[in-house]
Amino acid sequence: MAKKGRVFSGARPTGRQHLGNYLGAIQNYVALQDDYECVYCIVDIHALTTVEDTLDLKQNTYEMALDWLAAGIRPQETIMFIQSHVPEVMELHTLLSMVTPLGKLTDLPTFKEKIRQQPDNVNYGLVGYPVLMTADIVLYKTDVVPVGIDQAPHIEFAREIVRSFNYRYKTNALVEPQMKNTKILKVLGIDGKEKMGKSLNNHIELAATPEETKTRVLQMVTDPARIKRTDPGNPDVCNVFTMHKIFSPQDEVDMINVECRRAGIGCVDCKTRFAANLNKNLEPFRAKRAELDAKPDVVQDILNDGAKRARTIAQKTMTEVREAIQLP
Ligand code: TRP
């Protein structure tokens, strides 16, 4: 079947991925492969805008690549690569910066947020983050970018840069990307309050052992109003129940929905059941991951091959870009 166009997405190398990454992005990356030609990039250069200590960068990149592959990214069809392996992106970033109004960059809510987060490291790269992201997207003539709502301003921004570039240099060398607003569910951490994330240490890693997973799950916060075992609970406000709905068989979900409300089942029992179902779901992923991890050369080969294929597309785009600008 003919594919509908090209998808591009990037993610910073944050190491071992967690349930939030899986449900929010990776699962969607995997599904998109059926309908689109996909390009998935580990954006190590973007990481440098916030990460000062690069000691773990290689390991984090490798771990993330392992998780993507184990989760079902198919490297024969999909191009999966590391951003810095295609240095053309940095050349394009510089050229795009000439059609990018500085004021727009400094006005972006994402930039303002970063200033708050790292007031002592407001570097030039941070300001240009969306320009580099645009370069990622347009270098591969991307039709569609799947992103969550937090990245929507960046995609709108990318579209503006493309229009400015094409207008200034009287070309149609760059393709305006469409945003695919995926119904990304906000996955809460084990605290049941904040979005799941590594920095808050409220996450559950996909690659954890079944025992570690169970320990984490048992720490999950349930309905805060349910204090005693004999108190009836409210599944509608319980993060564990939300997770059950994703990972547990329907009859079990139905049972919990009824029994929790009349204190027929306790939180510990409920969480133990969830841990078991989660572990069962993750079994094939973990087996595949271990298999890949035993052959790190294979993973490196996949990333190298991805970079090679990505670079072929990138170089073609850059030839058109240079011609459009009429660089001597
Ligand atoms: N900015 C994205 C994030 O923080 C990562 C990213 C970099 C990206 N380049 C991209 C996402 C291109 C989509 C397309 O999550």
104, 271, ranked by accessible area, largest first (probe 1.4 Å): 104, 271
Per residue accessible area of region 208-289, 1.4 Å probe, in Å²: 53
Span from the region 94-133 Cα centroid across to the region 139-179 one, whole angstrom: 17
Amide H within-cut-off set for residue 38, under 5 Å, with H built and near neighbours excluded: 7, 79
Across 114/245; 104/195; 141/245; 228/280; 114/308, pairs whose alpha-carbon gap is larger than 31 Å: 114/245; 141/245; 114/308
0 to 90° range, to nearest 10: angle between helix 57-71 axis and the chain longest Cα axis: 70
Inter-probe distance in nm under a simple model that places probes 7 Å from Cα toward Cβ, at residue 322 and residue 263: 7.6
The chain: calculated mean residue ellipticity at 222 nm from DSSP helix runs of at least 4, using -39500 (n - 2.57): -16000 deg cm²/dmol
Ellipsoid equivalent to the chain - semi-axes via the Cα gyration tensor, in Å: 40, 22, 18
Carbon and sulfur %, accessible surface of region 208-289 computed with the full protein complex present, 1.4 Å: 57
Centre separation in Å (Cα based) which lies between region 20-63 and region 258-273: 36
Calculated on alpha-carbon atoms, Rg and Dmax of region 15-142 in Å: 15.7, 44
Region 179-250: relative contact order in percent, alpha carbon pairs under 8 Å with at least 6 residues between: 23
For region 23-71, the fraction of alpha-carbon pairs in successive 5 Å shells from zero, as %: 4, 17, 24, 22, 17, 11, 4, 1
Contact order normalised by residue count of the chain, Cα under 8 Å, 6+ apart, percent: 22
Tilt relative to the chain, helix 152-168 - C-alpha long axis, 0 to 90 degrees, to 10: 10
log10 of Debye I(q)/I(0), alpha-carbon scatterers only, for region 208-289 at 0.14 Å⁻¹: -0.44
Computed magnitude of the charge dipole of the chain (debye, nearest 20; Cβ of K, R +1, Cβ of D, E -1): 500
For peptides 136-145, 122-131, sequence by mean Cβ density within 10 Å, most packed first: 136-145, 122-131
Shape metrics for region 76-185, restricted to C-alpha atoms - Rg then Dmax, Å: 14.4, 43
Percent of beta bridges antiparallel (DSSP, the chain, rounded to nearest 5): 10
Degrees, to the nearest 10: 296-325 long Cα axis against longest axis of the chain: 40
Protection-proxy order for peptides 249-258, 45-54, 199-208, each taking the mean of Cβ atoms within 10 Å per residue, highest first: 199-208, 45-54, 249-258
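The values are calculated or read from the model by the stated rules, or taken from the named source; none is laboratory data. Everything quoted here is computed from the prediction, not taken from an experiment. FYI the Cβ positions are ideal-geometry reconstructions off the backbone, even for glycines, and counts take in every protein chain you see. Calculation scope for accessible area: heavy atoms of the full protein, side chains included, ligands and nucleic acids excluded. Shrake-Rupley method; radii C 1.70, N 1.55, O 1.52, S 1.80 Å.
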